[in-house]
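One structure is given here, and the rest of the page talks about it.
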Amino acid sequence: MKKLIFILLFLNKIAITNAQNSNLANNLVYHNLQEALALNQEVKQLNLREQNLFLIPNELKQLQELKFLNLMQNNIENWNTILFELSELETLILRQNAIKYIPKDVKNLKHLKELDMSACELSNLPKEIGKLEKLEYLRLSLNNITTLPDAVGNCKNLIGLELDHNQLSYLPSSFSNLKKLEHLILTGNQFYEFDKIWLRLTSLKELNLDNNELRSFPEEVNQLKNLEILLLNYNELKKIPENIVELNKLSLLSLANNHLKKLPQDLSKMTNLKTLILTNNPLPETEKKRIKTVLPNCSIYF
């Protein structure tokens with residue numbers, strides 16, 4: 001069953017990634033720094049992934065037209081201030097390096113649309129992250145982040161925010177300002193309750209709260225009217241709010257490994273629901289039969 005959930009999420013992430021990179025699709029990607037330097041101003045995309053780099057090269061400052069820079073999976077431990085001179089940079093990928101902090105000067109990357117620092121060694125973010133007003137995708141999975149600054153609410157163009165597998169137990173109230181947020185990934189944190197402030201994120205299409213400690217879910221969940229994917233696997237839920245049936249765009253609902261004995265009465269209203277995952281819940285056979293009957297066009301897994 002974990003494999004099924006993984007496949008569904010993987011396909012969804014492919015769609016998101018393709019959408020965010022489409023604006024650079026017609027530009028050549030260079031994989032060799034010296035080759036890129038020889039062309040200088042013509043270079044807009046540079047991929048230095050897995051090149052055993054220990055430092056961010058100083059020579060990058062010569063590539064003033066650079067929009068896309070991938071330094072993923074190297075041995076980099078520190079930022080180089082040269083990065084802040086790349087004023088046209090839109091995508092910066094530092095994923096899977098041993099970087100422990102984001103410097104305040106990150107605010108100088110005024111055109112940045114995507115910042116990926118997943119699987120680094122971050123424990124916090126500077127408040128200057130809120131100065132990145134054009135930021136659309138912020139990827140911070142697999143770090144040690146315990147809190148987020150209130151200033152993150154100033155990133156009002158955020159579409160995707162990945163915070164899975166950190167040490168978060170709450171989000172700042174300023175989160176309600178993220179009116180364009182469509183994808184919020186909070187898997188593997190320490191959330192014990194669903195903050196009703198999140199209900200103001202009415203553009204949300206995907207909400208992933210797998211592997212937390214949630215004991216309840218708010219009745220007002222119907223306010224998330226654009227939600228298409230809701231993942232609540234591996235929590236402590238004993239009931240699901242009746243109003244969830246009003247999420248008429250919901251296509252995937254996954255509730256595996258909770259304590260559910262019953263689902264909402266009016267499930268038949270969920271006509272767009274294509275996949276319902278209920279494995280490892282103490283549902284009686286009569287309830288399973290009812291669910292199958294009222295959702296004849298839905299793939300259901302018990």
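The values are calculated or read from the model by the stated rules, or taken from the named source; none is laboratory data. Worth saying up front: this structure is predicted, and the values here are computed from it rather than measured. All Cβ positions, glycine included, derive from the backbone under ideal geometry; neighbour counts span all protein chains shown. We work out accessible area using only protein heavy atoms, side chains counted, and drop any ligands, DNA or RNA first. Shrake-Rupley method; radii C 1.70, N 1.55, O 1.52, S 1.80 Å.
Expressed as a whole number of Å, what is the distance separating the alpha-carbon centroids of region 85-128 and region 170-194?
When both Cα centres are located, 20 Å separates them.
Of the listed values (i) 1.30; (ii) 1.11; (iii) 1.02, grab the one calculated as Cα Rg over 2.2 N^0.38 Å from the structure here.
(ii)
Work out, step by step, the length gained on full extension between residue 100 and residue 133: first 0.36 nm times the residue separation, then minus their alpha carbon distance; give nm to one decimal.
Numbers: separation 33, 0.36 × 33 = 11.88 nm, distance 2.32 nm.
Once the chain is fully extended between residue 100 and residue 133, it gains 9.6 nm.
Please label the shape of region 31-81 as rounded, prolate or oblate, based on the square roots a ≥ b ≥ c of the eigenvalues of the alpha-carbon gyration tensor (a/c under 1.5 means rounded; beyond that, a/b larger than b/c means prolate, else oblate).
On the way: a/c = 1.96, a/b = 1.60, b/c = 1.23.
It comes out prolate by the Cα gyration axes.
Determine ³J(HN,Hα), in whole Hz, for all residues of region 68-84 in sequence, where each value follows from phi through the Karplus function 6.51 cos²θ - 1.76 cosθ + 1.60 and θ = phi - 60°; x replaces Gly and Pro.
10, 9, 10, 10, 4, 6, 10, 10, 6, 10, 9, 6, 10, 4, 4, 4, 6
How much accessible surface does residue 110 have with a 1.4 Å probe, in Å² rounded to 10?
110
Convert each backbone phi in region 171-186 into a coupling constant with the Karplus relation 6.51 cos²θ - 1.76 cosθ + 1.60 (shift: θ = phi - 60°), then list the ³J(HN,Hα) values in order as whole Hz, x for Gly and Pro.
Values, residue by residue: 10, x, 4, 5, 4, 5, 7, 7, 5, 9, 5, 10, 10, 10, 10, 10 Hz.
Could you work out what % of the accessible surface of region 252-302 is carbon and sulfur, using a 1.4 angstrom probe and leaving DNA, RNA and ligands out of the count? Write out the running numbers ahead of the final one.
Details: 1270 of 2640 Å².
Ligands and nucleic acids excluded, carbon and sulfur reach 48 percent.
Would you mind giving the three semi-axes, in whole Å and largest first, of the ellipsoid equivalent to region 70-210 according to its Cα gyration tensor? Each step should come with its number before you reach the end.
Details: eigenvalues 113, 59, 31 Å².
Each semi-axis is the square root of five times an eigenvalue, giving 24, 17, 12 Å.
Largest first, what is the accessible-area ranking of 54, 84 with a 1.4 Å probe?
Numbers: 54 130, 84 25 Å².
Sorted by accessible area, descending: 54, 84.
DSSP loop (so not H, G, I, E, B), at most 16 other Cβ within 10 Å: list which chymotrypsin sites (Phe, Trp or Tyr not before Pro) in region 168-229 pass both filters. Spell out each step's value before the answer.
Details: sites: 170, 175, 191, 192, 194, 198; in loops: 170, 191, 192, 194.
Those that pass, being in a loop and sparsely packed, are 170, 192.
Give me the 1.4 Å probe accessible area per residue for region 190-302, excluding ligands and nucleic acids, in Å². All intermediate terms of the calculation are to be shown ahead of the outcome.
Values: 5350 Å² over 113 residues.
Accessible surface, normalised per residue, equals 47 Å².
For the chain, what does the helix formula give at 222 nm: sum of -39500 (n - 2.57) over DSSP H segments with n ≥ 4, over the residue count, nearest 500 deg cm²/dmol? The partial results should precede the final answer.
Working: 3 runs with 37 residues, N = 302.
Calculated from helices alone, the mean residue ellipticity at 222 nm is -4000 deg cm²/dmol.
Evaluate the charge dipole of the chain about its Cα centre and quote only its size in Debye, nearest 20, assuming +1 on the Cβ of each Lys and Arg and -1 on the Cβ of each Asp and Glu. Working shown, then result.
Numbers: 36 positive and 34 negative charges, 200 e Å.
The calculation lands at about 960 debye.
Would you please classify the overall shape of region 186-302 from the alpha carbon gyration tensor, given that a ≥ b ≥ c denote the square roots of the eigenvalues, rounded means a/c under 1.5, and beyond that prolate means a/b larger than b/c while oblate covers the rest?
Details: a/c = 1.76, a/b = 1.22, b/c = 1.45.
Oblate, since a/c reaches 1.5 and b/c is not below a/b.
Can you work out the Karplus-derived ³J(HN,Hα) for every residue in region 260-272? Use 6.51 cos²θ - 1.76 cosθ + 1.60 with θ = phi - 60°, whole Hz, and x for glycine or proline.
Going residue by residue, I get 7, 10, 7, 10, x, 5, 9, 4, 4, 6, 8, 6, 9 Hz, with x marking Gly and Pro.
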